[in-house]
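Nothing in this text is a laboratory measurement; each read-out follows from the coordinates by a stated rule. As the structure is a computational prediction, the values presented were derived from the model and not from experiment. Cβ coordinates were reconstructed from backbone atoms using ideal geometry, including for glycine residues, and neighbour counts include every protein chain displayed.
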Ligand code: SF4
Ligand code: SF4
Ligand code: SF4
Ligand code: FES
Ligand code: FES
């Protein structure tokens, strides 16, 4: 059967935004329009909404999202276009001739208010008991339009049950306004395809295949749908009440590890501009909240590099020197639990390509409950490990049954950036005002290499900094160790580094071009996997994949909203912090040397490492039984 | 047993794909055919269609639930669909509805225990001038009264 290749399911009529716009200097590229009586020049093909936003004219929107294809379903963005009988949706109206637009006429205002009243008539919820209170687009609109009564009534009783089946995502469809952003996120942006609308008219409901609980379908827990939902209909599974309980329990030793991305974004929850790094203020806040120890996940990111880099070199040796047929190359990274679940569902026959390394979060958990517990003489059964993550999939990951190599549940709770911000607020703290504080020893100081794990390409860059030096004895040949080809937000990046003048023990790598690829967002991962399946990647050695667009800094647990601009700012914050750190290579982190001397004495990928730091995967397949 | 049935379903869908193509727009004719042949489109069939057209199962499910004439659950051999739109309503649909419910012993939205009849409402089907009207599978009956409707249904029993 011949299959046609589709890059996007949206019909062309819905994608004027992706219409190539002319070069702005070309003749006839721009068109003069009038908005509210003032003249503007815009590129042909610009939508009315874009034109307004470029010129700081406010037009409300709900179903529109910068990351997604257009839908035009909510109608709150309606404007008047002279000469057209009906109001037009600004978000889907491409400008191709001289039009006159009014964004604030009486007709427009009344229509928008009407649309809003209709939405509220089907919306169940009281804002003060809602986790999106203060950060909800519907609530904001209601305020903007001065809603003081329910013109068409208000829902008093729940229609649907809350779906709490998933470790990661909670769905409360009574708060859904059917904007379908989550649908477009899951189908078009991530290409997982879990959510769609069922039924029609006022019975429409966003749901999963056969209305099954989210835990029973092929959701990869990436949480990207949460980040794009304008209301509280989708949220992460919040463990903070349980965490408060263990903090208040004096018999428990509560340890928290913080991933690289939350610190670059949590400021947004406190009104700071995106890209404000809050690393040290966050440490203070965590101490004040009552965590006994505050550690840096970057430490186990460094550990991951040691393990994963060694694994790669071993695979290269086995493949190139020993000709071992059972060794799979390219090696795929394994630190993104969303990606792991994606490949388990969609490419179950390719699990051997994955690195066997656990994610840094899980490595941390098993190191804490073994090495740390022993060194500090704490009964591991009294240790509770919490992980602050930019990610909702980490909640699923820490609950995977095989994640107990310390003899206990390695990581007890995964906490998102948003949930931590909420805990900080509950503790009565205003993060930006706090004095800086340090991480605790021994897992405090990490290298910049561990830090850049947060951005797409970061794992690759960190791995190269170490692997290159391991093999050649010299630092990577890039200015300031900044491996620029690894950076940026292109969907799939590919580059190579030539290994020259290698150390004698690595002589088989002399002159070899180390070829690597980087993909972020599962839609891009799919492209890479399809090439792999077609056998086109035989010259590639290493592929980094992150499930979320932008890498962890765009994770499903990060502050809402998200946009390409915001993700770029967060990346800048991370790279800036890396540039300023004294140690920027994983293998030079003194605590890494220490742990291999004292604990993992048989070295990276040794026996103990295998027990504690490596894992195996499950062939899930995508059939929904 | 289930395996044999599933293989047969897969083969049937492969045949339909051969006939209608494997692009997105082949979805409707394919699932309509399955509906006609089996009276429903099972979750297995939906996933097989999705696999062969390279769309997501949940998209197929969305389409199946969108249309009243497609169903993901089994229905009775005869599907009785009574129009509930305004013209038929004003022509006396309510009395007919009660008569049908009494005759079949089920409410709207239900199927008889012997799987013979399912009862549903539909919206206007263009027979407004001859209301109240109903469909039994694809046969149209018009100008119904509580009496005639009982006669008509008894012919199907
Ligand atoms: S979703 Fe928004 S509008 Fe609805 S209850 Fe929550 S805050 Fe209020
Ligand atoms: S968490 Fe990810 S995979 Fe799951 S429904 Fe949301 S977008 Fe889809
Ligand atoms: S769940 Fe959220 S994103 Fe999805 S349609 Fe409903 S309101 Fe929109
Ligand atoms: S934002 Fe334009 S229709 Fe929803
Ligand atoms: S209203 Fe019943 S057929 Fe038109």
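Some points to look at:
- Between helix A:417-426 and chain A: long-axis angle, C-alpha atoms, 0 to 90°, nearest 10: 80 degrees
- Within 10 Å of each Cβ in B:40-52, the average number of Cβ atoms from other chains: 2
- Shape index of the protein assembly as shown: Rg/Rh, with Rg the Cα radius of gyration and Rh the Kirkwood radius from the inverse mean 1/r over Cα pairs, equals 1.01.
- When the Cα atoms of region A:377-518 are aligned to their principal axes, the ranges along those axes come out at 56, 38, 30 Å in descending order.
- Using alpha-carbon coordinates, inclination of helix A:564-579 to the longest axis of chain A, degrees: 30 degrees
- Using distinct alpha-carbon pairs, which all enter the 1/r mean, Kirkwood radius of region A:51-90 in Å: 11.1 Å
- Globularity index of region A:12-104, i.e. its alpha-carbon radius of gyration over 2.2 N^0.38 Å: 1.02
- Virtual spin-label span in nm between residue A:507 and residue A:241, 7 Å along Cα→Cβ: 6.6 nm
- Within region A:117-236, the proportion of C-alpha pairs whose separation exceeds 26 Å stands at 18%.
- Adding -39500 (n - 2.57) for every DSSP H run of four residues or longer, then dividing by how many residues chain A holds, sets the calculated 222 nm ellipticity at -8500 deg cm²/dmol.
- Whole-Å distance, taken between Cα centres, linking region A:106-167 and region A:343-396: 39 Å
- Listed peptides A:348-356, A:414-422 appear in the order A:414-422, A:348-356 once ranked by packing, highest mean of other Cβ atoms within 10 Å at the front.
- The shape of region A:466-601 can be summarised by an equivalent ellipsoid whose semi-axes, obtained from the alpha carbon gyration tensor, come to 28, 23, 15 Å from longest to shortest.
- Spin-label pair residue B:157/residue B:114, simplified geometry with 7 Å Cα→Cβ offset, distance in nm: 0.8 nm
- Other protein chain C-beta atoms within 10 Å of residue C-beta, averaged over A:193-201: 5.
- By the count of other C-beta atoms within 10 Å, a proxy for reagent exposure, A:443, A:478, A:371 are ordered fewest to most as A:478, A:371, A:443.
- Put simply, when B:30-38, A:124-132, A:491-499 are sorted by average Cβ atoms within 10 angstrom per residue, most first, you get B:30-38, A:491-499, A:124-132.
- Cα pair distances exceeding 14 angstrom across region A:264-336, given as percent: 73 percent
- On the beta carbon distance between residue A:588 and residue A:151, with R0 = 45 Å, the FRET formula returns roughly 0.10.
- In Å, descending, principal axis extents of the Cα set of region B:2-66: 28, 24, 20
- Here region A:192-265 and region A:569-591 have alpha carbon centers that stand 30 Å from each other.
- Above 17 Å, the calculated P(r) of region B:78-154 contains 34 percent of its Cα-Cα pairs.
- Cα centroid separation, region B:1-53 to region A:495-509: 54 Å.
- For region A:177-247, diffusion coefficient by Stokes-Einstein and Kirkwood Rh (Cα), 20 °C, 1.002 mPa s, µm²/s: 161 µm²/s
- Estimated FRET transfer efficiency (residue A:482, residue B:142; beta-carbon r; R0 56 Å; 0.05): 0.10
- DSSP bridge analysis restricted to chain B gives an antiparallel fraction near 55%, rounded to the nearest 5.
- A viscosity of 1.567 mPa s and a temperature of 4 °C, combined with the Kirkwood radius over C-alpha pairs in the Stokes-Einstein formula, give region B:38-88 a diffusion coefficient of 105 µm²/s.
- Chain B: angle of helix B:27-38 to the longest principal axis, Cα-based, in degrees nearest 10: 70 degrees
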